[in-house]
Amino acid sequence: MMTRSLTIDFYHDVVCVWCFNISSRMRRLVSECDLDIRHRTFVLQDSEQAMAERWGTPDQARETILGHWAACRRASDHPEDINIDGMRQAGFDYPHGMVAALACKAAELISGHTGHWDMFDRLQHAHITEARNIADRDVVAGFAASIGYDRAAFVTLLDDPETARRVEADRQHARRFQVYSIPTLIVRETGTRLVNGPVEDLRAQLSFALRLAEQREGAV
């Protein structure tokens, strides 16, 4: 058991399947350790235009990204939840992550970082397991309502410039700390960056970060 708290900045995008793997692992570790997870949106592509610039046509985007899904499923603790066939057959283009990021920030404005994480996980499940279109505001608002938010109030927050400003603030925060890929998890007390892997590996990394933090604290 940890004898002090560690604060971790967790940079993620709802459309990132590697983030899906590590989120469930960090949930388990939070239940064991004294961790304060601070959630940071990191939108890989923020529009249909950005998707086209990065991946080409919608069909090219889908097939390339689903190749990443296959690699991620092989490394997953819950491979049955990574629904490659469902997303391949979905009747919409592979979604960008901006609407989902706004939803996570809206949840954070209402319920703090716990709300952000709950919304993030719900939208990841919708995207990766249920093959739903999380770039559709109505779809996202429906999921917000399903976990207890007032739908109309939530939609208002989705459109609020302050919500978008907070997404941009996370982008600036990532630049300041030289975050270029996700998932990235940084232990504030030490600057340690956790390497995604099995729970046992993450637990060992956290134990090392804790010892380092305690040594630094003792040296002050």
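The values are calculated or read from the model by the stated rules, or taken from the named source; none is laboratory data. Computed from a predicted model, the values in this text were never measured in an experiment. Neighbour counts are summed over all protein chains in view; Cβ atoms, including those assigned to glycine, are modelled from backbone coordinates with ideal geometry. In case anyone asks, the SASA skips ligands and DNA or RNA and just uses the protein heavy atoms, side chains included. Shrake-Rupley method; radii C 1.70, N 1.55, O 1.52, S 1.80 Å.
Key figures for this structure:
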read-out: All positions within segment 117-148 that are under 21 Å from Arg38 (Cα atoms) and either crowded, with 21+ Cβ neighbours inside 10 Å or within 12 Å of the chain's Cα centre (by Cα) (or both); value: Trp117, Asp118, Met119, Phe120, Asp121, Arg122, Leu123, Gln124, His125, Ala144
read-out: Matching residues in segment 66-106 - criterion: being open to solvent by 50 Å² or more (accessible area, probe 1.4 Å) and of a type in the set (Asp, Glu); value: Asp77, Glu80, Asp85, Asp93
read-out: Any hit, segment 44-52, residues being within 19 Å of Arg166 (Cβ to Cβ), open to solvent by 70 Å² or more (accessible area, probe 1.4 Å), in contact (Cβ under 8 Å) with a residue 60 or more places away in the chain and not polar (S, T, N, Q); value: yes
read-out: Failed item, numbered, when Ala174 is tested on (1) among the small types (Gly, Ala, Ser); (2) open to solvent by 40 Å² or more (accessible area, probe 1.4 Å); (3) in contact (Cβ under 8 Å) with a residue 60 or more places away in the chain; value: (2)
read-out: Matching option when the condition is of a type in the set (Gly, Ala, Ser), over 16 Å from Ala135 (Cα atoms) and in contact with a His (Cβ under 9 Å, 6 or more places away or on another chain), among Ala107, Ala70, Ala50; value: Ala107
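Conditions (1) at pLDDT 95 or above; (2) open to solvent by less than 20 Å² (accessible area, probe 1.4 Å), marked per residue:
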| site | (1), (2) |
| --- | --- |
| Val167 | yes, yes |
| Gln178 | yes, no |
| Thr184 | yes, yes |
| Arg193 | yes, no |
| Glu200 | yes, no |
| Arg203 | yes, no |
| Leu206 | yes, yes |
| Ala219 | no, no |
